[in-house]
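What follows is a short report on a single structure.
The values are calculated or read from the model by the stated rules, or taken from the named source; none is laboratory data. Quantities reported herein were computed from a predicted structural model and do not represent experimental measurements. For the accessible areas, the whole protein counts, side chains as well, though only heavy atoms, and no ligand, DNA or RNA atoms are used. Shrake-Rupley method; radii C 1.70, N 1.55, O 1.52, S 1.80 Å.
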Amino acid sequence: MFVLTWVFVLFALTHVLEYFVPPHQQWHLSCRADGYFDPQQAQITSSVVSELLLTFTLEYQDAALRYHLGNESLPAESIVLQGNVVKVDFGALNYALQMQLKSKKLNNDSMLLDYLLNELAVGESQLLEGDLLPLQVQILNANDDQLRATLTFIPSNSIWSCEIIPAVLPQPH
């Protein structure tokens, strides 16, 4: 009976602490990848190598995803999604987000759009018409010196290796 009482007390204490702990951490991640895309234009016969950048920012209740795709042969493309954190699983660092398109710069036959539809697991009309997009991201493997982390999109399982950018705190005047 004594052990059962202690288990109950620890369980209750955990829930009370969860209530008083700030609801979200701050994350600023800068992610970079070389993308190999097969262009839809018939005159180009080989894959186009592009630099694909993702910035993921999470500050308390606010979240933002900024994608930028650039290469030597085509004008740069970008998409910015902003939204809110809906739910957090602190044990797994899993964040449920509600995002919405805030800005876009896409080329005809966009390579970035095709990539995002797969990564975010959404339809083109959902993304481009500004519908609310439920997204789930998980931050894995934040190393001990807090310099790098792995960002995973669920359910697409897209994985990004990212640099952790320290949050800039306002300085007192």
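Please compute the Kirkwood hydrodynamic radius of the stretch 67-173 from all pairs of different C-alpha atoms, in Å with one decimal. Could you put the intermediate results ahead of the total?
Values: mean 1/r = 0.0641 Å⁻¹.
Here the Kirkwood hydrodynamic radius works out to 15.6 Å.
In what order, largest first, do 68, 28 sit by accessible area if the probe radius is 1.4 Å?
Numbers: 68 75, 28 35 Å².
Descending accessible area places them as 68, 28.
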